[in-house]
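Written out below as structure tokens is the structure these notes cover.
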Amino acid sequence: MKAIVASIAAAIAFIPASLAVAVNPLPAPREISWGHSGSVKIDRDLEFIAPANTILTNAIKRTNKMIWKEQWVPQAVEKKPVDYPPFPDVKRSESITLKKIKFSVSDLHADLQAGVDESYTLEIGTGSTGTIKSKTVWGALHALATLEQIVISDGHKGLIIEEPVTIKDEPLYPHRGVMLDTGRNFLSLKSIYRQIDALAWSKLNVLHWHIDDAQSWPLEIKAHPKMTKDAYSSKEIYTHTDVKNVIAYAKARGVRVIPEIDMPGHSASGWRQIDPKIVACGNSWWSNDNWPAHTAVEPNPGQLDIIYPKTYDAIKSVYDEASSIFADNYFHVGFDELQVGCYNDSSYIQDWFKADPSRTYQDLAQYYIDKAVPIFQNKKDRRLIMWEDVVTSADIPAKNVPKNIIMQTWNNGPNNTKVLTAKGYDVIVSSSDFFYLDCGFGGWVGNDPRYNVDYSPPLDASISDAFAADPTTAYSAVSFNYGGNGGSWCAPYKTWQRIYDYDITIGLTKAEAKHVLGGEAPLWAEQSDDTTVDSKVWPRAAALAELLWSGNRDSKGLKRTTQMTSRILNYRERLVGRGVGASPLMPRYCLNNPHACDLYLDQTAVTGPAL
Amino acid sequence: MSAALLMKFITVLAAASLLVASIDAKTWLLPIPQSLKWTGSEIPLDENFDIHAPDNAQAQEAANRYKKLILKEKWVPYQKNVTEITPLKKGGVLKSLQIGIKDLNVTLDFGVDESYNLTIPETGGDATLDANTWIGALRGLETFSQLFVKTDGQLVAHSSVIQDWPTYPHRGIMLDTARNFYEVESILRTIDALAYNKMNVLHWHLTDSQSWPLGLNKHPELAEKGAYSAEQIYSVKDLKKVVSYGQSRGVRVIPEIDMPAHTASIAKSHSDLVTCTDTNWLTNAAEPAPGALDPTNNHTYSLIEDIVEELSEIFPDSFYHAGGDEVSSHCWKQDKKISKYLKKHNMTTNELWSQFEDKVGTIVNNNKKRIMIWEDAIVKAKADLSKDVAVQIWTTIPEKIIRRGHDIIHSSSDYFYLDCGGGGWVQNDTSYVTSNQSATAGVSQNYGGAGGSWCAPYKTWQRIYSFDMTYNITSNPGDGQVLGGEAALWSEQTDDTDLDAKLWPRGSAAAEIFWSGSYDKEGNRRSLDDMWPRINDWRYRLVRRGIAAIALVPQWCLSAGTGCLITQ
């Protein structure tokens, strides 16, 4: 492995690997080495020789169909900026025809679960047979995703790979995902399938499905058929069959589906149909306008009553049923944004506090953990994920959360990753400063008087003075409607560059860094449904995909954001061609004129903290 | 339950009970008519219901279109009533809509009469729609379609008496098809949406520095060289198709050829007419790609003459937009020939710019068009232009322009720029990297700040709706007037995949203040309180009509009364 890195580095001195050919896969493989003997023609009857395995056989069929249908013509090409010496013109001749690709998979039975080996090697040499070697079927699927991206049109209805190529690839992190929220607004199955397609093409392997929320309950629970009375309509329900189909579709593409039932916060719809008493504050005004009395951070309020005993009967029956439908060992049980104000509404909880004045909200949270976690831990291989709030909440964390529960961090950037890993928790990084795909679209709650401002108000003197003294300080001359957050709590919009530039293990010790399992980009759906899911998730999630698969650094440890540009621009066009309505990142002009749309001509401008 | 919360409930309940008596059943209308009286009956549609239009092709075509739409849409509102509603009386069946048009031979253009009176009698029978022009009839038909809902499996219209007219004559969307290309289909769909919102202008920003998708007969080389690809060219046939589609829906199509800046794509075929194309954009343009016409070259004006002449034939509208924004003096000064010219004539770049705008104005007027330009020449170059130049405002205070006698079109980037808030799009941008990757005190680019978008934040519908069209508008003798407004979608980060979501339903918030005005006829400022249930429902209705408008709220909010408000 070391040796290959060295030889690539040597080649860079002459022709950077990424410049040798027009098209490079995204995410960039960990190691890729292009030859220079001329392009590889793809035989019309390219044969894939693979072991008998349904998933692999189907994947191969998809790939074979895809490359001939797509006939990809690279849409964005990496070239040096104009001021640099002329681009070396590599002469190509069609040297050989690729007739076969031979697979070798050492373990055909490894299940798609956390940490499964996803590595592969792909070698298209100078012979007519290429090889794909992997430990598991899942690695072979990633090899096919790479193959689909390096095969391009020869301009005459034929296909080529530009040069012989050797790829040795494996992900940096085992957990790489997108979170979809179908509780705030519903997503059709068609949209979910389309997201799974794009996840697989991007080598992302997790769909974190935040199924329900306070606003609606779209999941069929046979034990409590009334719960889906709180679906938005009888058409906006996921039946058991729907869920199983989604899981099968995802598995066929190497994508794990991890369900989340968010508890005990964000719980009103559905639950109240089982027994209205298990939901506290469900009928309260959320009271953002009288903050001390607020019961929720957004409409609508509702939290499971932690003390009322029947709450746990409901949790157990709902969880056991959901748990029986979903195949993954991981299950996300929520625990974000618990609001203490909500529990003023519960006489059970108020009585519990009165019974022993030494009791605190931390004791209350712990009470929940002690009662609920044994219910959740309903089988040997079960591993739970919770939002970090259960540990890091300022006012209602639990005192003793089992260390084998995975924490999904979303607050306070790298600081909370540090706090959690230092305590020994495994962590999934979803920092809202970097990875939240819903940010920057303003506020959505109505009757908001803050927009009614005709002129930019004068700045607070301390801010304007600081800004005048040094415009590069943290302060900038903004207000709510003028350069400010415009009503979006996590503004601004996270551009692909922002996502890609995040070093998720910054500041961690080696031991702490080992606890980082990977990351997820969440799309909270208050302002999103079928019409915009594609454009909000893609192609930005592809920036996350590469960050988590092969990182944001080149072989010298420098940030390679500027080299990523042509890859992601090209990839966006591919996504659109494949039926995913990914958002354009820049004028098409920029695709045709590499680096003409850079902010800095200096290609080493984007540096990063040393790791 | 805390005492404070309890108090809250009491107030809310009291308020609700007070309202009960005064609210009649209604459908959600957008934009809201100037005068609207609900008369309390629901009128089932007769199975032989028909719309009778007088002898006018557009009106008859529209009558067919809307009849189909009503029967197909069968709208069941997503937005539930916010307060209790007086039960509806059952009226007789609705047999027909009788359209009357006073003047059958009117051409769609600026200032045409768009008023209409629409009555759906409580008793059913024949509804009437009276208008002075076919365009008014089209506006009335749109309202008519919004009066229908499906209740208990039956399509019914709500009885009402409506008198309606636009507050401003110019109500539009600006679409930029040069930064990224749009299929003709997307443009036609946008015209549909404009008509649904009673907007009447598609301002078509056809070309820019990045590409020239305009396929002209006289100068095919411009698009051959300057378009993104041979497939991404609007042929004259396409342009005429868009114009005629707009015509049939009462939507004027105004072309914009932006110049003298924003013209690098011309250099691909006429390199001698464009300067600073191969320079650093950071010093010579607002964004990549740099390039501006050489205003000292006579051939430049010959080309402009040809372009304006051909476009004037294709686009029948009396307005022509000549651009004129974001001229960089650096760009001109770095050109030796232009520098020499400036020296020789003892001119500043601003004077050169003013002279250019005057010359272009003459060319446009010679083609019997009224010129519309961006504010820049007046604000930045202090150009003293002919008073009939209509000025589109995007940064300045309207008063400044109106006082000089120019009519204005509002497009304040603080309110009406639909592209804002998407972060930066230029690449190799260091500003997303912060050394410790953590938030610092106060607001900074990546933490609550602009995130790379020059006009951040994203303009929410509430922000757009809060714009007061009359704010700081004077009406002294000789002052210009407010012709209306446009919401603008610059397309650096948009193309076919997300066009609808960027335009709608935020464009509808603009549409309402352009049509209904910022004040009702009693002089009260229109309130978010009245608008939010209507725009919530309208978003879903647009989606049903094939416009992929963005979701504004969790769907829960549409059945939650006032539950999703920030303050009650």
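A few remarks follow.
- The stretch A:257-279 - residue that is part of a strand (DSSP E or B) and either among the polar types (S, T, N, Q) or in contact with a Gly (Cβ under 8 Å, 6 or more places away or on another chain) (or both) and, of those, farthest from A:LEU180 (Cα to Cα): A:VAL279
- Inter-residue pairs, beta-carbon under 9 Å, first under 17 Å from B:VAL543 (Cβ atoms) and touching a residue at least 60 places away in the same chain (Cβ under 8 Å) and in the stretch B:184-195, second polar (S, T, N, Q) and in a helix (DSSP H, G or I), 6+ apart: B:ALA193/B:SER508
- Criterion violated by B:ALA487 - all others in (1) touching a Leu at 6+ places or on another chain (Cβ under 6 Å); (2) within 14 Å of another protein chain (Cβ to nearest Cβ) satisfied: (2)
- Screening the stretch B:111-164 for strands (runs of 3 or more DSSP E) wholly inside it with 3 or more residues that are of a type outside the set (A, V, I, L, M, F, W, C) returns the ranges B:116-120, B:125-131, B:154-164.
- Selection status of A:ALA248, free of Cβ contacts under 8 Å to residues at least 40 places away in the same chain, on the phi < 0 side of the Ramachandran plot and assigned to a helix (DSSP H, G or I): yes
- Any hit, the stretch A:534-557, residues being facing chain B (nearest Cβ under 7 Å) and over 21 Å from B:THR497 (Cβ atoms): no
- Filter result (of a type in the set (Phe, Trp, Tyr) and surrounded by fewer than 19 Cβ atoms within 10 Å (Cβ to Cβ)) within the stretch A:323-358: A:TYR348, A:TRP352, A:PHE353
- Residue that is farthest from A:LYS536 (Cα to Cα) [pool: residues in the stretch B:420-443 that are facing chain A (nearest Cβ under 7 Å) and in contact (Cβ under 8 Å) with a residue 24 or more places away in the chain]: B:VAL426
- Restricting attention to the stretch B:162-213, the residues that are closer than 22 Å to A:PRO587 by Cβ and either touching a Cys at 6+ places or on another chain (Cβ under 7 Å) or among the β-branched types (Val, Ile, Thr) (or both) total 6.
- Subset tally (residues that are within 23 Å of B:PRO554 (Cβ to Cβ) and either in a loop (DSSP other than H, G, I, E, B) or aromatic (Phe, Trp, Tyr) (or both)) for the stretch A:167-220: 18
- Qualifying residue in the stretch A:587-597 (condition: of a type outside the set (Ser, Thr, Tyr), more than 26 Å from B:LEU282 (Cα to Cα) and surrounded by 24 or more Cβ atoms within 10 Å (Cβ to Cβ)): no
- Of the listed requirements (1) in contact with a Ser or Thr (Cβ under 6 Å, 6 or more places away or on another chain); (2) buried (at least 21 other Cβ atoms within 10 Å of the Cβ), B:HIS410 misses just one: (1).
- Matching entry among A:ALA582, A:ALA596 (being under 23 Å from B:SER453 (Cα atoms), modelled with pLDDT under 95 and within 10 Å of chain B (Cβ to nearest Cβ)): A:ALA596
- Residue within the stretch A:469-479 that is at the interface with chain B (Cβ under 8 Å from one of its Cβ atoms), at pLDDT 65 or above and buried (at least 20 other Cβ atoms within 10 Å of the Cβ) present: yes
- Note on the stretch B:187-291: enclosed helices (runs of 4 or more DSSP H) holding 2 or more residues that are under 18 Å from the mean Cα position of the chain (by Cα) are B:236-248.
- Residue that is surrounded by the fewest Cβ atoms within 10 Å (Cβ to Cβ), among those in the stretch B:139-186 that are of a type in the set (A, V, I, L, M) and closer than 19 Å to B:LYS26 by Cα: B:VAL161
- Looking only at the stretch B:187-237, and only at residues there that are of a type in the set (Lys, Arg) and closer than 29 Å to B:ALA510 by Cα, the one that is surrounded by the most Cβ atoms within 10 Å (Cβ to Cβ): B:LYS198
- Taking the stretch A:188-236 as the range and being more than 25 Å from A:GLY579 (Cβ to Cβ) and of a type in the set (A, V, I, L, M, F, W, C) as the test, the residues that pass are A:ALA214, A:TRP217, A:LEU219, A:ILE221, A:ALA223, A:MET227, A:ALA231.
- Residue in the stretch B:89-106 that is at pLDDT below 95, small (Gly, Ala, Ser) and either closer than 19 Å to B:ILE162 by Cα or touching a His at 6+ places or on another chain (Cβ under 9 Å) (or both) present: yes
- Residue match in the stretch B:461-482 (condition: crowded, with 21+ Cβ neighbours inside 10 Å, in contact with a His (Cβ under 8 Å, 6 or more places away or on another chain) and facing another protein chain (nearest Cβ under 9 Å)): yes
- The criterion of at least 3 residues that are over 27 Å from A:ASP336 (Cα atoms) is met by the following helices (runs of 4 or more DSSP H) wholly inside the stretch A:497-611: A:561-577, A:589-592.
- Whenever a residue of the stretch A:509-526 is closer than 18 Å to A:ILE196 by Cβ, its partners that are surrounded by 21 or more Cβ atoms within 10 Å (Cβ to Cβ) and among the acidic types (Asp, Glu), lying with C-beta atoms within less than 9 angstrom and at least six residues away or across chains, give the pairs A:PRO522/A:ASP181; A:PRO522/A:ASP438; A:LEU523/A:ASP181; A:LEU523/A:ASP438; A:ALA525/A:ASP181; A:ALA525/A:ASP213; A:ALA525/A:ASP438.
- Residues of the stretch B:40-60 satisfying the condition of being among the polar types (S, T, N, Q) and either surrounded by fewer than 18 Cβ atoms within 10 Å (Cβ to Cβ) or part of a loop (DSSP other than H, G, I, E, B) (or both): B:ASN48, B:ASN56, B:GLN60
- Matching residues, the stretch B:417-448, being of a type in the set (Gly, Ala, Ser), under 13 Å from A:THR495 (Cα atoms) and either touching a Cys at 6+ places or on another chain (Cβ under 6 Å) or surrounded by fewer than 23 Cβ atoms within 10 Å (Cβ to Cβ) (or both): B:SER431
- Residue ID - surrounded by the most Cβ atoms within 10 Å (Cβ to Cβ), chosen from residues in the stretch A:387-419 that are aliphatic (A, V, I, L, M) and within 16 Å of A:VAL516 (Cβ to Cβ): A:MET407
- Residues of the stretch A:155-209 that are out of contact with any Leu (no Cβ under 9 Å at 6 or more places or on another chain), of a type in the set (Lys, Arg) and under 21 Å from A:PHE331 (Cα atoms): A:ARG184 alone.
- Within the stretch A:275-293, tally of residues that are surrounded by fewer than 24 Cβ atoms within 10 Å (Cβ to Cβ) and aromatic (Phe, Trp, Tyr): 1
- Restricting attention to the stretch A:93-127 and to residues that are more than 28 Å from A:HIS175 (Cα to Cα) and charged (D, E, K, R), the residue that is modelled with the lowest pLDDT turns out to be A:GLU94.
The values are calculated or read from the model by the stated rules, or taken from the named source; none is laboratory data. Just so we're clear, the structure is a prediction, and the values are computed from it rather than from any experiment. As a convention, Cβ positions derive from the backbone with ideal geometry for all residues, glycine included, and neighbour counts pool all protein chains shown.
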